[in-house]
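Here's the structure we're looking at; comments come further down.
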Amino acid sequence: MTDARILAQTMLGNEPYGLLIGEGWRPATGGGRFTVTNPATGDHLAEVADADASDVQAAIDAAATALPSWSIVPAPARAAILRRAAGLMLEEQERLATVMTLEQGKPLAEARGEIAYAASFLTWFAGEAERIYGMTIPASIANKRLLVLRQPVGVCAMITPWNFPSAMITRKLGPALAAGCTAVIKPAEQTPLSALELGRILRQAGLPDGVCNIVTCQDPIPFSTTIFDDERVRKVSFTGSTEVGKLLIQQSAATVKRLSLELGGNAPFIVFADADLDAAVSGALASKFRNAGQTCVCANRIFVQRSIYEAFAERFTVRVAAMQVGNGLDPATVIGPLIDQQARTKVERHVADALAGGASILTGGSAATPETQFWTPTVLAHATPTMLVAREETFGPVAPLIGFDDEAEVLGYANATPFGLAAYCYTRDLSRAWRMAEGLEYGIVGINDAIPSTAQAPFGGFKQSGLGREGGPSGIDEYLEEKYVSMVL
Ligand code: SIN
């Protein structure tokens, strides 16, 4: 069966994918459409509407119109819609996961996991909607009363990435809707279908017209210019590269918008000699190769204490060499394709630089086939902190192993980067675990834990890895304004 036929069978109804603006689906004003392709096969999957600036403006109008009525819907009623949407996502998990694998390439088992992960943000923030507490503050004057109210920020724009096409939307949209904000979303052009499917589900769950608008487009510039120029858009949340994040910081100045930025990482994964070696090997495997290494939090540099370097390298390499590369729809696949040719070129460049600098290949090291985006999972021995593969985010299935002697040395290597999103440390020494947790300059630290991400915990980075936090109790603060009210009796 062709990819397009599998997709057709997964879609609810047989409508072409349009823009979700205000009261429903519509084509782009200029009639434009663009093609979504399967990165595993190169096959044409579907066509979606290609919005221009006037469509973005219409989406902002719809979100601004819906704001006054949505922001006063009682919190339990907002929460009920979010919980219903999460329930529908889980009911439709197989269908949504198939759509995701077709457009993004990740193995079906991972796509199923992402749908559950995405739904968990709606459920968690439904709970948070019911706990948007204000404050009273004791005044120093007898007839004064000091109060703090927490109110929705307003219309929020969200620019989301292709690596987690569903969860990176709900991690922003869940708290926004819970807080009483309305939204205009631009999903990545490579993976718009998961976003549009989520739009259908939110409507099915009873989300009122105009509260969530989804604008697909190929060129991000008209979208960002329109949202940043519009005074009614009070906040922009972006997940993507640090390079683009910096441009958005500049653009936000003109209308002083709030920003949440989840940007690049360069995660160190540190294995001490006192670690449980099998747990460290499994952890490194999970952290490095989830989504074919295309996650912002994935291990980018694996530091192994010299006394166990050979033993770790041997066990790790055996496991990596056994990973099956292929189409994510095949149940045996654990490594899908890279998202595009640009991604493959970067991986090639990093591996070539490492080899030129003296690293050697323990397994992998090349494309699985010359003409496609499949890269064989790779382990590089004798990598050094100065190689490109250790300085830049590779975003691919390449694991450089770097030796170190002691704690001070590895902490120095780990923190010597402008990035600070996630770091990992494997040790059985409790004191060392604390020292590392406190010394690593990162927003997320996994101690003997390779997959710390969860809806209940804050996700975000230090330094050039971003601004603000998504998820966890602080996730909803990003979508709330504090209003101080001072009252004389
Ligand atoms: C990301 O790569 O940005 C998200 C990964 C996660 O939520 O664990």
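The values are calculated or read from the model by the stated rules, or taken from the named source; none is laboratory data. Owing to the predicted nature of the structure, the values given are computational and were not obtained by experimental measurement. Counting neighbours? That spans all protein chains shown, and the Cβs are built from the backbone with ideal geometry, glycine included. The area values use the complete protein model at the heavy-atom level, side chains included, leaving out ligands, DNA and RNA. Shrake-Rupley method; radii C 1.70, N 1.55, O 1.52, S 1.80 Å.
General remarks:
- For Ser431 and Ser282, the FRET efficiency from 1/(1 + (r/R0)^6), where r spans their Cβ atoms and R0 equals 35 Å, is about 0.90.
- Debye intensity ratio in log₁₀ form over the Cα atoms of region 267-454, taken at each q of 0.08, 0.09, 0.14, 0.15 Å⁻¹: -0.22, -0.28, -0.70, -0.81
- Positive-end ranking of Ser166, Ala368, Ala86 along the dipole of the chain, with charges on Cβ about the Cα centre, is headed by Ala86.
- Pairs of Lys residues in the chain that lie 8 or more places apart, or on two chains, and have C-alpha atoms under 13 angstrom apart add up to 4.
- The chain - accessible surface per residue (Å², probe 1.4 Å): 38
- Count Lys and Arg as plus one, Asp and Glu as minus one, and take only other residues whose Cβ is under 9 Å from that of Gly210; the net charge is then -3.
- Dipole magnitude of region 81-227 about its Cα centre (Cβ charges: Lys, Arg +1; Asp, Glu -1), debye to nearest 20: 680
- Cβ-Cβ FRET estimate between Ile221 and Glu438, R0 fixed at 56 Å, reported to 0.05: 0.85
- Interchain or long-range residues, amide H under 5 Å from Leu421's placed H: Asn266, Gly443, Phe462
- Counting only heavy atoms of the protein chains and using a 1.4 Å probe, Val155 has close to 0 Å² of accessible surface.
- Farthest toward positive dipole pole in region 267-454 [+1 Lys/Arg, -1 Asp/Glu at C-beta], among Tyr424, Asn300, Val351: Val351
- Dividing the mean sequence gap of close Cα pairs (under 8 Å, 6+ apart) by how many residues region 173-302 holds gives a relative contact order of 18 percent.
- Averaging the Cα positions of each part gives two centres, and for region 85-121 and region 145-177 these lie 20 Å apart.
- The stretch between Thr136 and Lys483, if pulled fully straight at 0.36 nm per residue, gains 123.8 nm over its current Cα-Cα span.
- The stretch between Asp449 and Ala352 holds 31.9 nm of extra length on full extension. This uses 0.36 nm per residue minus the Cα-Cα distance.
- Inter-label distance, nm, simple model (7 Å from Cα along the C-beta direction), Leu247/Asp43: 3.4
- Added length on full extension, which subtracts the Cα-Cα distance from 0.36 nm per residue, Gln324 to Lys463: 46.4 nm
- Around the amide H of Val271, modelled in the peptide plane, lie the amide H atoms of Phe303, Val304, Gln305, Tyr426, all under 5 Å away and 5 or more residues distant in sequence or on another chain.
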